[in-house]
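The values are calculated or read from the model by the stated rules, or taken from the named source; none is laboratory data. No experiment lies behind these values; they were computed from the predicted model shown. For neighbour counting, all protein chains shown are included, and Cβ atoms are generated from backbone atoms with ideal geometry for every residue, glycine included. These area figures cover heavy atoms from the full protein model, side chains too; ligands, DNA and RNA do not enter into them. Shrake-Rupley method; radii C 1.70, N 1.55, O 1.52, S 1.80 Å.
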Amino acid sequence: MSETAPDSADGNVDSNVATGTGDNSFVVVANRLPVDMIIESDGTKSWQESPGGLVSALSPVLEKHQGCWVGWPGVTDEAPEPFRTERGVLLHPVELTQHDFEEFYEGFSNATLWPLYHNLIVTPEFNRSWWDAYRDVNLRFATDVATVAAPGATVWVQDYQLQLVPGILRQLRPDLTIGFFLHIPFPPPEIYRQLPWRNEMLRGLLDADLIGFHLASNLRNFVELCRGYDMEVSGEIKVREAGITITLPNGHSLGVGVFPISIDTSAIAATLAADTHHESHGELEQMHHNMGSPSTVFLGVDRLDYTKGILQRLLAFEELLDSGALDPKEVALVQLATPSRERIDSYRTTRSNVEEAVGRINGRFSQIGRPVVHYQHRSVTKDVLMRYYRLADVMLVTPFRDGMNLVAKEFVATRADSSGALVLSEFAGAADELTQAHLCNPFDIEDIKKAMLQATWGLKNNPEAMKERMSAMYNQVMEHDVDLWANAFLGALGVLEQKHSV
Ligand code: ADQ
């Protein structure tokens, strides 16, 4: 298919906004700030870390570069003043009204784009009023960035909620260097083309100087889409470099590259060291004892999202108990599920299906005081999360589709001793790098069961081979941390050496 090149970016831009009054030479703009405002019933306000992979990955980058983070504070109709965190990051809140939250965030971002980009695991909804809200809110984010960014600053735009921001910013502030990173998969062109506003969305992105994806397959989809618009594409796919150049009919050219995101390995090492220092071994043993001292602990850690395949892994576990392949007196499964997008129907259904399965499995196989599934529908602190990772024998990461999946890498990073095993969906981006995991097809419950049994059997009967697998993954994660990701992206954007060297 060949389409006319999309027109110039969003026409609603007020050029008077282009003041360039800020003094921030490095600005990250993301839908959410790294902290959410919490308002108690008595009106008291406080802040707590906001959930999700983007925050986990970007917080250390911003701290290192002492940058400014523009984003929504997590509550509607509130516009707190900008403030600096203890670690030196300037937070610049953007106000969203309840209407914006419902139509821009829950609607267009999470009921249109999220399912569309995750290969239609649920059906995307196309709603014109949501699209209007998406454009309005993108304009607001871009306008705020335009006022905080210093002349010639670098702006790094994050993720699918803000795809129009590069185009609007280019008009408001042609002096800026603009990067864009997509944290979720980019779908095949035939799926992307379902989007009624596909031209405007694509055009918004193409005004960036550099676009980064997690995987070569995401990049290939994007480049194929651009070729359909008769754009000039040159170069070849490279990892951690802008290997491909796309040139638009108006002469603007941009780089496109593969930049697999990772985790802050040094922060994890520091948490583990501190925990060991405080004799958490006693606590770990206590946690294990409280669970009835199972010989194998399976662990799942996810936002409660239908893409993550939580129900499927529970069903696989249930069938293994049912068939006697796993003994309920010997095993336990811990599932930590962070609440996410709770008012969207598909998320409510997912939660209710997961909780029904947890109840049924416990009803069938638990003994009094000794559940076989331990389920928590809440976030835990990073220290506690690390303890769960350490407690696990077999980590279960079984998404139907996932941009990368940082949980898999976090688990591996706790395994300096090469213990344990990772069951990993072949449709998680992390599977491209963690090739020594027990890979499975999450659409096939038999395959999940097979991977769970291979991991359990291997730990008991072939520990040396299992250690080799884990050690290879551990080295991979240690050598490719979040610093490498950020430095590679900013280096490819051509700004690292001049302005932001660490
Ligand atoms: P997410 O879909 O949020 O991220 P993921 O990459 O796994 O998925 O990150 C989740 C983060 O939340 C992890 O850092 C994990 O530690 C934390 N977390 C999860 N459950 C938790 C709990 N119960 N308590 C505390 N913390 C919890 C999106 C994309 C991913 C991509 C990232 C980064 O969907 O594919 O890897 O962005 O680009």
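Reported to the nearest whole Å, the Cα centre-to-centre distance from segment 441-498 to segment 355-393 is 24. Exceedance of the 25 Å cut-off in Cα-Cα distance is limited, within the set Lys329/Lys449; Lys308/Lys449; Lys238/Lys308; Lys382/Lys460; Lys308/Lys460, to Lys238/Lys308; Lys382/Lys460; Lys308/Lys460. Note on the chain: antiparallel DSSP beta bridges, both residues inside, total approximately 25 percent of the bridges counted.
Entry comment: accessible area of the chain is 39 Å² per residue, from protein heavy atoms only and a probe of 1.4 Å.
As a check on your grasp of the helix formula, calculate [θ] at 222 nm for the chain: sum -39500 (n - 2.57) over DSSP H runs of n ≥ 4, divide by the residue count, round to the nearest 500. Before the final figure, lay out the partial values.
Details: 17 runs with 196 residues, N = 502.
Rounded to the nearest 500, it is -12000 deg cm²/dmol.
Distance from the Cα centroid of segment 26-58 to that of segment 273-326 is 28 Å (rounded to whole angstrom). Amide H contacts of Ile38 (H built 1.01 Å from N, in plane; Pro and chain starts excluded): Ser46, Trp47, Gln48 sit under 5 Å, all sequence-distant by 5 or more or on other chains.
If amide hydrogens are placed 1.01 Å from N in the peptide plane, which non-local residues have theirs closer than 5 Å to the one on Glu125? Answer set, sorted by chain and number: Thr112. For Gly363, the shell of other residues with beta-carbons less than 14 Å away shows a net charge of -1, using +1 for Lys and Arg and -1 for Asp and Glu.
Can you tell me how segment 245-397 classifies by the Cα gyration tensor, rounded, prolate or oblate, using a/c under 1.5 as the rounded cut? Each step should come with its number before you reach the end.
Working: a/c = 2.52, a/b = 1.47, b/c = 1.72.
The shape class here is oblate.
Divide the volume of the convex hull around the Cα atoms of segment 152-249 by the residue count and you get 100 Å³ per residue.
At 4 °C and a viscosity of 1.567 mPa s, what translational diffusion coefficient does Stokes-Einstein give for the chain, taking Rh as the Kirkwood radius over Cα pairs? Give it in µm²/s as a whole number. Can you show the working numbers first?
Numbers: Rh = 23.7 Å.
This corresponds to a translational diffusion coefficient of 55 µm²/s.
Roughly how many percent of the accessible protein surface of the chain is carbon and sulfur, given a 1.4 Å probe and a whole-percent answer?
Numbers: 9160 of 19750 Å².
Answer for the chain is 46 percent, counting heavy atoms of protein chains only.
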